[in-house]
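What follows is a single structure, written as structure tokens, with notes after it.
Readers should treat all values here as calculations from the given coordinates under stated rules, not as data from a laboratory. Note that this is a predicted model, so its numbers are computed, not measured. Cβ sites come from the backbone with ideal geometry, for glycine too, and all protein chains shown count toward neighbours.
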Amino acid sequence: MKQPPLSPTDFARLTGIDTDSGTGTGTLARLEALLALLCRWQTRINLVGPATLDDPWRRHMLDSAQLAPLLPSSTDRGLPSVVDLGSGAGFPGLVLAILTGAPVTLVDSDRRKCAFLIEAARITNARVQILPLRIEAPPGSPPNGGYDVVTARALAPLPKLLALAEKWLAPGGICLFLKGRGVEAELTAAAKDWTMHATCAASRSDPAGVILRIEKVSRRDS
């Protein structure tokens, strides 16, 4: 049976976020502003699958927010640095920045989507950097030797995704990827060229979805 759309109130209950919207600066109010902007821009450019806007608080907000508890609580530099590859409309990276306050870099090669992200960051007052470039070509060396966390959603099969993430990930960093029902086959394919410690957790937003956490990843010796 199809679930009814998730409401903002139910999202707040599931995630435990701040719902003080009296000044428009509470966490829920910032996410509501992001969703309203997305709906306006969607009429001009394709930011997300149109059908997903029938249930955006589940398909986009909760899907992204479920990664927040999996971020490291801190590093020796303070809050963990996060890079979101192929960020698109800001899921999950922009949502994570709003929820956690961690510094998040959003990377996307589509300049129209980057224009959306710039405006979304402005109206939500999110702590993000937006890089309009190809994921395959990071700008020199990533800051501080790489990012503590690399995130991605529906970007590429795992073998290719690891090759992309490798260029951004700090030594000892982790990857958090939102995957679908084919994750086991992707892990098998990736194991041919990579060693890693991978764990899977059921998605809170999609019965067929999986949160894939990868650490200690390295290329196999050829």
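Computed FRET efficiency, Cβ-Cβ of residue 43 and residue 189, R0 30 Å: what is it to the nearest 0.05? Efficiency, rounded to the nearest 0.05: 0.20. Considering only 16, 120, 132, the residue lying farthest towards the positive end of the dipole of the chain is 132, judged by Cα position with unit charges set on Cβ.
Only Cα sites of the stretch 95-192 enter the Debye sum here, all with the same form factor; the resulting log10 I(q)/I(0) across q = 0.10, 0.15, 0.21, 0.23 1/Å is -0.30, -0.67, -1.21, -1.34, listed in q order.
Just the number, please: percent antiparallel of the DSSP beta bridges in the chain, rounded to the nearest 5. Looking only at bridges with both residues in the chain, the antiparallel portion is about 45 percent. For the stretch 8-219, the direction-averaged projected area of the alpha-carbon convex hull comes to 11.3 nm². Among 155-168, 55-68, 187-200, sorting by the average number of other beta carbon atoms lying within 10 angstrom of each residue, highest first, gives 55-68, 155-168, 187-200.
Sorting 175, 39 by the number of Cβ atoms found within 10 Å of their own Cβ, with the fewest placed first, yields 39, 175. Ranked by the mean number of other Cβ atoms within 10 Å of their residues, highest first, the peptides 212-221, 123-132 fall in the order 123-132, 212-221. In the chain, the calculated helix contribution to ellipticity at 222 nm averages -8500 deg cm²/dmol per residue, counting -39,500 (n - 2.57) for every DSSP H run with n ≥ 4.
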